[in-house]
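Have a look at the structure below, then the notes.
The values are calculated or read from the model by the stated rules, or taken from the named source; none is laboratory data. Bear in mind the structure is a predicted one, so any value in this text is a computation, not a measurement. Just so you know, the surface numbers come from the protein's heavy atoms only, side chains and all, with ligands and any DNA or RNA stripped out. Shrake-Rupley method; radii C 1.70, N 1.55, O 1.52, S 1.80 Å.
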Amino acid sequence: MQYDEYIGKMVQLTYSDLDGELVCAVGHILYTLKNRAFVFETYKEGRQLIVYNRHVLDIRETGAPSAHIDPEIAPDHFA
């Protein structure tokens, strides 16, 4: 229920993956999983992944994919 308000909206999501690396991605939350996680679909690749709520560092609604991503936060190409 924590992220239900973002379902279907374009968001920029920053989270730590299972290796502890920071990841920044743009996409949509498709649905939540028992208030512990949610299914996130990336905008460019259309890849779906499960993100645990406790790993989310920042989430913000965005109108379009961000052209600028902090270089210290790498896109997750290998998850």
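Odds and ends about this structure:
- Remark: the stretch 4-61 carries 61 Å² of accessible area per residue (probe radius 1.4 Å; ligands, DNA and RNA excluded).
- Within the accessible area of the stretch 4-61 (1.4 Å probe), percent carbon and sulfur: 46
- Translational diffusion of the stretch 1-60 was estimated from the Stokes-Einstein equation, with Rh taken as the Kirkwood radius over Cα pairs; at 10 °C and 1.306 mPa s the coefficient is 141 µm²/s.
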